[in-house]
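Asks: The following block contains the structure, expressed as structure tokens.
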Amino acid sequence: MQQIFADLHIHLGSAEGKPVKVTASRQLDLKTVLYRDAKIKGLDAVGVIDAVCTNVLKEMEDMLEKKELIELPEGGFLARNGVLLIAGAEIESREGVHNIIYLPGMEQLKTLHKFLKTRVKNMTLSTQKARVSIEELINLSKLLEGVFCPAHVFTPFKGIYGFWTNNLRTRLGANTDQFYTLELGLSADTYMADMLKETRSFTFLSNSDAHSSANIGREYNLLRLRAKNFTEIKMAIENREGRKVAANYGMDPLLGKYHRSYCNDCQLITPMMPPVRTCSQCGHKNMVMGVMDRIAEIRDYEEPHHPVGRPPYHYRVPLKSLPGIGPKTIEKLLSYFESEIEVMERADTEKIAKLIGTAAAVQIEQMRSGRMTIKPGGGGYYGKVTAGNLDN
């Protein structure tokens, strides 16, 4: 068995010089993700979930023809530098929920493209609302030998728990048994998610949902596989034959931009005990529901009930978000160490201190060791690390 780092939710800003994800950086294209960003971040596998967009498909075909990508018999696409591409699509269903379908190869990607073409207004753009239900997407992913994954499940606008349902089985019935994974999103962690009884049957993924190069790898997963390909990753998600998600590495949920409820009228991120639906300052209900507040509202348990074998969740703060570590410091670190994940997880702190100073090295060591002191985010505003001391 081998272990690999994977971030399976990355958006492209452009393909063939044209926009893909409107809110993503136009400098972010497929070659940049595979041949620059994945290596800088330390990722062995990346999930690009705009791959059924017309121009991305064309770009992939061109890369296959030039041998810049190789389609593997076991599924997935291998770049010449050894980075594995897991291709898929993020689709907004008729219910307004964001869902990801990961697919093994070009044939399946083209089939999904053809299916969506009659149900989406503009196939050049990503995450378009489709005239298709969640149930249909679950069944379609099964037919295409793919992996179905509800995206950022607790977020207030497009998350399946965030606004659509309190309980998956109530809405989806037996279809709930047809998929195996949930994406936590930046504002939640394993401990929060395991306050819901029905989540015990799901594997959790922690992904970046990156719209820019800087944010790739801000969350990632450690996967235990026999080989690096789509089939093995699917088996890990389904927790079969020794393959598994060995650990989740995620931003502290306090850093997430929807962690706590937010008042649109007085622009207050609530400090009150969750769940909060009414602003404590102005008394109005014009609120953006926070992830922590939503979970407190629908949870089955006061404390998490982890199933046997639930992987550990390691709190991480992206290097760029640590006090005293700016672009020049990161550049210096990467000139010496292999990647950002190498710095975050394995690099000797004495060597880091010699390179960038003791104070910055202490920040990294504290980030590795536990939860830092963070001012919570909410209402679209990210939280911030306020001190280098651990919040014990």
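The values are calculated or read from the model by the stated rules, or taken from the named source; none is laboratory data. Only a predicted model underlies this, so the values are computations on that prediction, with no experimental measurement involved. A quick note on method: Cβ atoms are made from the backbone with ideal geometry, for glycine too, and the neighbour counts reach across all protein chains shown.
Asks: Within the stretch 183-197, how many residues are touching a His at 6+ places or on another chain (Cβ under 7 Å) and either small (Gly, Ala, Ser) or part of a loop (DSSP other than H, G, I, E, B) (or both)?
Replies: 3
Asks: Look through the stretch 122-145, keep the residues that are surrounded by 24 or more Cβ atoms within 10 Å (Cβ to Cβ) and among the small types (Gly, Ala, Ser), and return whichever of them is farthest from LYS110 (Cα to Cα).
Replies: Among them, the one singled out is SER126.
Asks: Something else about it: Considering only residues that are assigned to a helix (DSSP H, G or I) and either of a type in the set (S, T, N, Q) or on the phi > 0 side of the Ramachandran plot (or both), which ones fall in the stretch 198-248?
Replies: Selection gives THR199, SER201, SER213, ASN215, THR231.
Asks: Has the stretch 28-51 got any residue that is outside any loop (DSSP other than H, G, I, E, B), free of Cβ contacts under 8 Å to residues at least 12 places away in the same chain, in contact with a strand residue (DSSP E or B) (Cβ under 7 Å, 6 or more places away or on another chain) and surrounded by fewer than 23 Cβ atoms within 10 Å (Cβ to Cβ)? Steps first, please.
Replies: Taking the stretch 28-51 first, the residues outside any loop (DSSP other than H, G, I, E, B) are 30-41, 45-48, 50.
Next, only the ones that are free of Cβ contacts under 8 Å to residues at least 12 places away in the same chain stay: none.
Within the stretch 28-51, none of the residues are outside any loop (DSSP other than H, G, I, E, B), free of Cβ contacts under 8 Å to residues at least 12 places away in the same chain, in contact with a strand residue (DSSP E or B) (Cβ under 7 Å, 6 or more places away or on another chain) and surrounded by fewer than 23 Cβ atoms within 10 Å (Cβ to Cβ).
Asks: Okay, moving on. Within the stretch 288-311, track down each residue that is outside any helix (DSSP H, G or I), in contact (Cβ under 8 Å) with a residue 12 or more places away in the chain and of a type in the set (Val, Ile, Thr).
Replies: First pass over the stretch 288-311, keeping only residues outside any helix (DSSP H, G or I): 288-290, 299-311.
Checking which are in contact (Cβ under 8 Å) with a residue 12 or more places away in the chain leaves us with 288-290, 299-307, 309-311.
Residue satisfying the conditions is VAL288 alone.
Asks: Could I ask something else about it? For the subset of the stretch 374-392 comprising residues that are assigned to a strand (DSSP E or B) and either touching a Gly at 6+ places or on another chain (Cβ under 6 Å) or at pLDDT 90 or above (or both), which member is nearest to ARG294 (Cα to Cα)?
Replies: GLY378
Asks: Also, I was wondering about something else. Applying the selection to the stretch 58-91, what residues are in a helix (DSSP H, G or I) and in contact (Cβ under 8 Å) with a residue 12 or more places away in the chain?
Replies: Hits for the stretch 58-91 are LYS58, GLU59, MET60, GLU61, MET63, LEU64.
Asks: Follow-up. For the stretch 333-392, how many residues are among the basic types (Lys, Arg) and in contact with a Lys or Arg (Cβ under 6 Å, 6 or more places away or on another chain)?
Replies: Taking the stretch 333-392 first, the residues among the basic types (Lys, Arg) are 346, 351, 354, 368, 371, 375, 384.
Now restrict to residues that are in contact with a Lys or Arg (Cβ under 6 Å, 6 or more places away or on another chain): 375, 384.
Residues flagged as among the basic types (Lys, Arg) and in contact with a Lys or Arg (Cβ under 6 Å, 6 or more places away or on another chain) within the stretch 333-392 amount to 2.
Asks: In the stretch 310-341, which residues are surrounded by fewer than 14 Cβ atoms within 10 Å (Cβ to Cβ) and within 21 Å of the chain's Cα centre (by Cα)?
Replies: PRO312
Asks: Here's a follow-up. Is it fair to say LYS114 is over 20 Å from ASN239 (Cβ atoms) and charged (D, E, K, R)?
Replies: So LYS114 fits the description; yes.
Asks: From the list ALA15, ALA24, ALA79, ALA51, exactly one residue is of a type in the set (Gly, Ala, Ser) and more than 25 Å from PHE115 (Cβ to Cβ). Which is it?
Replies: It is ALA79.
Asks: Further question on the same structure: Kindly provide the set of residues from the stretch 255-287 that are surrounded by fewer than 23 Cβ atoms within 10 Å (Cβ to Cβ), of a type in the set (S, T, N, Q) and either touching a residue at least 40 places away in the same chain (Cβ under 8 Å) or under 13 Å from GLY378 (Cα atoms) (or both), ordered by number.
Replies: ASN264, GLN267
Asks: Continuing with this model, one more query. Output yes when any residue across the stretch 236-245 is farther than 26 Å from VAL308 by Cβ and of a type outside the set (Gly, Ala, Ser), and no when none is.
Replies: The initial filter retains those residues of the stretch 236-245 that are farther than 26 Å from VAL308 by Cβ, namely none.
There is no residue in the stretch 236-245 that is farther than 26 Å from VAL308 by Cβ and of a type outside the set (Gly, Ala, Ser).
Asks: While we're on this one: Can you spot a residue in the stretch 258-270 that is at pLDDT 95 or above, closer than 30 Å to GLY146 by Cα and not β-branched (Val, Ile, Thr)?
Replies: Yes, because at least one residue in the stretch 258-270 is at pLDDT 95 or above, closer than 30 Å to GLY146 by Cα and not β-branched (Val, Ile, Thr).
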